[in-house]
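Notes to accompany the following structure.
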């Protein structure tokens, strides 16, 4: 009996989980042996993380146990951290052992890009995982409680959001919604709290439609968010941030959303990376590696006009679908299909009942945009887990 | 027209608030001008603070706004901090100004007694106010979140309760109840969490009935609390505690409940203090000060056999009642009455549905003792605020 080819999927993020779910659905018995490797025994919904980070929704609503999504009879799951990718040996080194593969799918996601800014790695928080956002929430609440012991030290109540891309803007909006509750719980005068969004580009959401950008700024300013645009951060210390223009802002909470780079393991494996991300062809494969697919935030896929698509959940999911298709094609000796991203919409939330974006090329703002954002979230949950998952993750919103 | 005598009450703790409420009820129009001075615009229920400290009840259930208890038409309320008591000038110096009095009631409460243990003041937390217990809750939650970033450093999950008196034992019980929830929320293996209760005396609840002490130890051990009895603490550092026997325990959370002393302002005013507490006669007056009453934790009242009564809420409330009576007697030229404490019961909670104590000389344990504890709490709320306050503070228990 011929042995079934081994497919190893690294990472259960948007791309990896969708690829695994699709393979589990389509593969015939014994057609391939699929192994999914992930650091945690849960998949998390990165686009939702700004909410538990601010404390406006429970982190349980931003994650799904892998076993709820994967049929462990069909897909093997290994909870471990990848430490090395040995391409020549077709071997993955894990903290808990080794794995061999015939086909490799790398969906290991990104890492915070600090652009070499001093102190950022040590002193700033990142919205990048369940663990990291739980820490942001507890840290901020602790600052409010500490402030009551040091009422002259406003750095406890100054919250810096570094970067005004999607995550930065969404987090700032959510945080602004959360502040009144924190002020009430901790007896803090709200006028002492500052949320400052700092961005090196001259605008928030660089590259986005100017009319929507203006709308977003107006909404966030109205909620109390201050902006410092066109000012790069020079250094981040424990109790203050130093800007390139020399200005210093005392603050004990800096949440850095200034960008991501690809997972370091790819460059270490010998791939050429652009900020850690590896260029893939239209089959989502890196040049010269016929049995490897790279997708999601650690890959770069170029649009026809030569620009890289942004590292979004939407693209990652679609890549997961295509990679699953192409893996089956390879196994069955059929033709692979090229990846053709289809951007259905892009909506950024600005806190409760406010959002901006595009849905099928239509500009949307306000409550309708917020509803569209909700629909996008529901759609994703439906794709990976059906109606049951939609209900279990959205019926109960809870501050925590 | 004769000017009404000025009564100034310092502190809206158990003793002060009860005295103010009683005076407001009994005094005739213009018989006296009563002023209540307190640091916060709320009274807090010290015996309930171990719950919000652990996170098992919301801090709002441990405090009542002064304006809900005091008729501001009858009693003047000044929210300020006392900085000096000038007995010779019959003047109180506040952060916000000065007050003159004809009669002074001092109910300024206690301060944590550190027994000169190095680092305790800087690195340990105290269960002594709404502000201090909110900080304990946020600090501990933050440790759980930090642990996920440093899974090899167990000091994030080691919680030290210093002192096994009433507060220490009640807090340890409550904390033990809270741990499973924290472990679930932060994905922490409960076997990595330690609660260690350290006490210099050879037993918990020194002086209490041995049978009940054994019951308490058994209940708490069963909940996972470890005990180190008969071992004084030598030093408290940011990341560990050093015991007198040389043992070091790595821990980033030390909650010190090892005792209280009287407010420092009394000794500074010239009173002779025993650990800051001033001895009062049976009318609750210090020797040689006919127009001053001292009550609650900053006073010492001796029992007939010469032992001081413990600094409890029960005694403080009864003192508040008697002082109100005696003030009216003085104003009306009538005879004062001596203070005769009546100990109705003493119950220590050990977390959910567990407690031990005495009620009218009967030993109680288990759920019945827990119910008695609840009744005692209800009774107090009823005395100061009626049925409405009982309902508003007890109907809704909430982790926070």
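Here, each number is a calculation from the coordinates, and none is a lab measurement. Values in this document were obtained by computation on a predicted structure and should not be read as measured data. All Cβ positions, even for glycine, are placed from backbone atoms using ideal geometry, and neighbour counts span all protein chains on display.
What Kirkwood hydrodynamic radius do you get for the range A:346-400 when you take the inverse of the mean 1/r over all pairs of distinct Cα atoms, in Å?
Values: mean 1/r = 0.0848 Å⁻¹.
Hydrodynamic radius (Kirkwood, Cα only) of the range A:346-400 equals 11.8 Å.
Provide a whole-number value for the mean count of partner chain Cβ atoms within 10 Å of the Cβ atoms in peptide A:124-137. Don't skip to the answer; put the middle values down first.
Details: counts 0, 0, 0, 0, 0, 1, 3, 8, 3, 1, 9, 9, 1, 4.
Counting other chains' Cβ atoms within 10 Å and averaging over A:124-137 gives 3.
Find the eigenvalues of the gyration tensor of the Cα atoms of the range B:117-164, then list the square roots of 5 times those eigenvalues as equivalent ellipsoid semi-axes, largest first, in whole angstrom. Before the final figure, lay out the partial values.
Values: eigenvalues 90, 40, 16 Å².
Output for the range B:117-164: semi-axes of 21, 14, 9 Å.
Work out the FRET efficiency for residue B:41 and residue B:334 from their Cβ-Cβ distance, taking R0 = 30 Å, and round it to the nearest 0.05. Numbers along the way, then the final one.
Details: r = 34 Å, r/R0 = 1.13.
According to the calculation, E is roughly 0.35.
Across 10 Å bins from 0, what is the distribution of all Cα-Cα pair distances for the range A:1-68, in whole percents?
19, 41, 24, 11, 4, 0
Compute the orientation-averaged projected area for chain B from the convex hull of its Cα atoms and round it to one decimal in nm². Kindly include the intermediate steps, with their values, before the conclusion.
Numbers: hull surface 80.7 nm².
For the Cα atoms of chain B, the hull's average projected area reads 20.2 nm².
Pairwise over distinct Cα atoms, reciprocal of the mean inverse distance: report the Kirkwood radius of the range A:57-100 in Å, one decimal place. Before the final figure, lay out the partial values.
On the way: mean 1/r = 0.0788 Å⁻¹.
This gives a value of 12.7 Å.
Smallest Cβ-to-axis distance in chain B, for the rotation taking B to A: which residue, how many Å?
B:142, 2
Taking a label point 7 Å from Cα toward Cβ, how far is residue B:40 from its twins in the other copies, in nm, shortest first?
Result, one decimal in nm: 3.5.
Note the direction-averaged projected area, equal to a quarter of the hull surface, for the Cα convex hull of the range A:89-178, in nm².
Values: hull surface 37.4 nm².
Projected over every direction and averaged, the Cα hull of the range A:89-178 covers 9.3 nm².
Report the Cα centroid-to-centroid distance between the range A:355-400 and the range A:232-259 in angstrom, as an integer.
Centre-to-centre (Cα) distance: 33 Å.
How large is the translational diffusion coefficient of the range A:238-368 in µm² per second when you combine the Kirkwood radius over alpha carbon pairs with Stokes-Einstein at 10 °C and 1.306 mPa s? Mind showing how you got there, number by number?
On the way: Rh = 17.7 Å.
It comes out at roughly 90 µm²/s.
For chain B, what does -39500 (n - 2.57) per DSSP helix run (n ≥ 4), summed and divided by total residues, give at 222 nm, in deg cm²/dmol to the nearest 500? Numbers along the way, then the final one.
On the way: 10 runs with 132 residues, N = 400.
Taking each H run of at least 4 residues, the total per residue is -10500 deg cm²/dmol.
From the label point of residue A:121, set 7 Å along Cα to the beta carbon, how far off in nm is each other copy's matching point, shortest first?
4.0
Over the range B:120-256, what is the relative contact order in whole percent, taking alpha-carbon pairs under 8 Å and six or more residues apart?
33 percent
Mind giving me the FRET efficiency for residue A:190 and residue B:243? R0 is 51 Å, r the Cβ-Cβ distance, nearest 0.05 is fine.
Numbers: r = 44 Å, r/R0 = 0.87.
Working from the Cβ atoms, E equals 0.70.
Which angle between 0 and 90 degrees, to the nearest 10, do you get for helix A:210-222 versus the longest principal axis of chain A when only C-alpha atoms count?
So the helix axis and the longest Cα principal axis differ by about 50 degrees.
Sort the range A:49-140 into rounded, prolate or oblate with this rule: let a ≥ b ≥ c be the square roots of the eigenvalues of the Cα gyration tensor; rounded if a/c is under 1.5, and if a/c is not under 1.5, prolate when a/b is larger than b/c, oblate otherwise. Mind showing how you got there, number by number?
Values: a/c = 3.11, a/b = 1.43, b/c = 2.18.
Because a/c hits 1.5 or more and a/b fails to exceed b/c, the range A:49-140 counts as oblate.
How far is helix B:14-26 tilted off the main Cα axis of chain B, in degrees rounded to 10, range 0 to 90?
30 degrees
What is the calculated FRET efficiency for residue B:150 to residue A:268, with r their C-beta to C-beta distance and R₀ = 30 Å, to the nearest 0.05?
Numbers: r = 24 Å, r/R0 = 0.80.
With a Förster radius of 30 Å, E is 0.80.
Please report how far the C-alpha centroid of the range B:128-163 lies from that of the range A:178-230, rounded to the nearest whole angstrom.
31 Å
Helix B:313-332 sits at what angle to the longest principal axis of chain B, using alpha carbons and giving 0 to 90 degrees rounded to 10?
For helix B:313-332, the angle is close to 10 degrees.
Rounded to a whole number of µm²/s, how large is the Stokes-Einstein D of the protein assembly as shown at 25 °C and 0.890 mPa s, given Rh as the Kirkwood radius over C-alpha pairs? Don't skip to the answer; put the middle values down first.
Values: Rh = 29.9 Å.
It diffuses with D of about 82 µm²/s by this estimate.
Counting only other chains, what is the mean number of Cβ atoms within 10 angstrom of the Cβ of each residue in peptide B:345-352?
Numbers: counts 0, 0, 0, 0, 0, 0, 0, 0.
Per residue, the number of nearby Cβ atoms from other chains is 0 on average.
Give me the percent relative contact order of chain B, please, defined on Cα pairs under 8 angstrom at least 6 residues apart.
On the way: 844 pairs, mean separation 77.0, N = 400.
Computed value for chain B: 19 percent relative contact order.
For the range A:120-256, give the share of DSSP beta bridges that are antiparallel, in percent and rounded to the nearest 5; count only bridges with both residues there. Walk me through the intermediate numbers first.
Numbers: 6 of 22 bridges.
Counting only bridges with both partners in the range A:120-256, antiparallel ones make up about 25 percent.
So how long is each side of the range B:120-256 along the principal axes, counting just the alpha-carbon atoms, biggest first, in Å?
In descending order, the Cα extents are 43, 30, 28 Å.
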